[in-house]
Amino acid sequence: MEPNVKQAYEAAKALYAQHGIDTDEALCKLETIKVSMHCWQGDDVKGFLNADQELTGGISVTGQYPGAARTPEELRSDLDKAFSLIPGKHKVNLHAIYTDTDEKVELDQLEPRHYERWVTWAKEQGLGLDFNPTCFSHEKSSEGFTLSHPDAEIRQFWIDHCKASRRIGAYFGEQLGQTCVTNVWVPDGFKDNPVDRMTPRKRLKASLDEVFAEPIDPKYNLDAVESKLFGLGSEAYVVGSHEFYMGYGLQNDKMICLDAGHFHPTEVISNKLSSLALFTSGILLHVSRPMRWDSDHVVIMDDELLEIGRELVRHDLLGTTHIGLDFFDASINRVAAWVVGTRNTIKALLRAMLEPVETLKKAELEGDYTTRLALTEEFKSYPFGAIWDYYCASKGVPVREQWIAEVKEYEQNVLLQRG
């Protein structure tokens, strides 16, 4: 470790200690937090099961930056590179279409063995795996409906796919010793105003009941359901709205997934955490950055990311909240996108841990809003960066912007060789 990094840390540590903040303790806690890094940033959500299938379900990836992964091996190589630049041990979030198999298999026939190479790799790297059924970009989702489809045969296909996905998730959890979160999201909805909003939701509810009927040990797999406000092709009505899934999750003890881009443009998920946490045993987050709509930009250190971190830390929700990322940008180096988004998410949690929360709560309870405001603002310029640099150095990953050179070298030697 460079002497200047150590010296800066010691100086910052002493400053934080004046407010009763133990930076060593904060870093020990930070080390236990796992961020689930989404695999689909690496290849623009194509996957390997039906790689030539056009993207549907309101998903759109823009940009033509060279070097997208074309095979599972290339994707794992890119993930390895990204993780080498991110402090801590984390997880990878897989969609069902990222199966690594030589067999020709349909979504409803997927089995754990079709992901054995992913499991082997995750074991070698000390990573966990999360999972998602892929209810889009398929001929049976071309009409805009899956689990709520009016055709019982098509609906059953998607039910069977989601059932298979839960079993795969349980296999991941059992093999890796880290609980897998299997998240169900479907794009179902209408482009224009529907007459009947209720019946599709009745079908979705019945389908989910069948999907979750098989008991699975929560030690290995936890189920989550994810809502959306609108999407491309479902601008007027989405079957799986926030109200629908909040009700379903609470009634059926399923985790509710809050995606940062799935609400109104001025609505934030940070403000929902303290309410939802009172009534659920766990929450799943998809941390993203919406711009104008659910455009899934790379996560930056903006106000909402910081507020998410604060809510999780201030209310002791880290033990029951599963943090995942969800963005896809093909206009920049895809490995760099992972590194920027993941490092920022971890940074936001660390910044929250380095705030005088108990002092601020005390001032608020006593009605001393002057101290609350003044101290909150002063801490924005405290030397958080020195603590972050020390954490990176202690974990053997590049300090500050040094990682960019490694990504550029990887781009030249690996990504640009893919043609």
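The values are calculated or read from the model by the stated rules, or taken from the named source; none is laboratory data. No experiment lies behind these values; they were computed from the predicted model shown. Backbone-built Cβ (ideal geometry, glycine too); neighbour counts: all protein chains shown.
Being free of Cβ contacts under 8 Å to residues at least 24 places away in the same chain and within 28 Å of S295 (Cα to Cα) is true for just one of T71, T62, T99. Which residue is that? Before the answer, list the steps.
On the way: T62 fails: free of Cβ contacts under 8 Å to residues at least 24 places away in the same chain; T99 fails: free of Cβ contacts under 8 Å to residues at least 24 places away in the same chain.
After applying the criteria, what remains is T71.
Can you tell me which residues in region 194-233 are crowded, with 19+ Cβ neighbours inside 10 Å and acidic (D, E)? Passing the criteria: D223, E226.
Here L312 meets the list (1) more than 23 Å from G189 (Cβ to Cβ); (2) out of contact with any strand residue (DSSP E or B) (no Cβ under 8 Å at 6 or more places or on another chain); (3) assigned to a helix (DSSP H, G or I) almost entirely, failing just condition (2).
Being in contact (Cβ under 8 Å) with a residue 24 or more places away in the chain and acidic (D, E) is the filter here, so list the residues in region 272-307 that pass it.
Residues of region 272-307 that are in contact (Cβ under 8 Å) with a residue 24 or more places away in the chain, as a first pass: 273-274, 276-277, 279-290, 292-301, 304-307.
Scanning region 272-307 gives D294, D296, E304, E307.
Applying the criterion of being acidic (D, E) and surrounded by 20 or more Cβ atoms within 10 Å (Cβ to Cβ) to the residues of region 278-303, the residue that is farthest from G67 (Cα to Cα) is D294. Is it true that some residue in region 227-236 is modelled with pLDDT of 95 or more and in contact with a strand residue (DSSP E or B) (Cβ under 6 Å, 6 or more places away or on another chain)? So far as region 227-236 goes, no, none of its residues is modelled with pLDDT of 95 or more and in contact with a strand residue (DSSP E or B) (Cβ under 6 Å, 6 or more places away or on another chain).
Residues of region 315-334 that are out of contact with any His (no Cβ under 7 Å at 6 or more places or on another chain), in a loop (DSSP other than H, G, I, E, B) and buried (at least 22 other Cβ atoms within 10 Å of the Cβ): F328 alone.
If you take the residues of region 65-118 that are among the aromatic types (F, W, Y) and assigned to a helix (DSSP H, G or I), which of them is farthest from P398 (Cα to Cα)? First the steps, then the outcome.
So the first thing to find is which residues in region 65-118 are among the aromatic types (F, W, Y), and the list is 65, 83, 98, 115, 118.
Right, trim to assigned to a helix (DSSP H, G or I) and you get 83, 98, 115, 118.
Values: F83: 11, Y98: 30, Y115: 31, W118: 27 Å.
By that ranking, first place goes to Y115.
Scanning region 168-206 for residues that are assigned to a loop (DSSP other than H, G, I, E, B) and in contact (Cβ under 8 Å) with a residue 12 or more places away in the chain yields a total of 11.
Cβ separations smaller than 6 Å between residues 6+ apart or across chains give the following pairs from region 355-366 residues that are touching a residue at least 60 places away in the same chain (Cβ under 8 Å) to residues that are outside any helix (DSSP H, G or I): P356/H19.
Could you check, for region 13-26, whether at least one of its residues is among the charged types (D, E, K, R), touching a residue at least 60 places away in the same chain (Cβ under 8 Å) and in a helix (DSSP H, G or I)? Yes, because at least one residue in region 13-26 is among the charged types (D, E, K, R), touching a residue at least 60 places away in the same chain (Cβ under 8 Å) and in a helix (DSSP H, G or I). For region 82-97, indicate whether the set of residues that are among the hydroxyl-bearing types (S, T, Y) and closer than 30 Å to L229 by Cβ is non-empty. No: zero hits. Criterion first (within 30 Å of E2 (Cα to Cα), in contact with a His (Cβ under 7 Å, 6 or more places away or on another chain) and surrounded by 18 or more Cβ atoms within 10 Å (Cβ to Cβ)) does P356 satisfy it? The answer is yes for P356.
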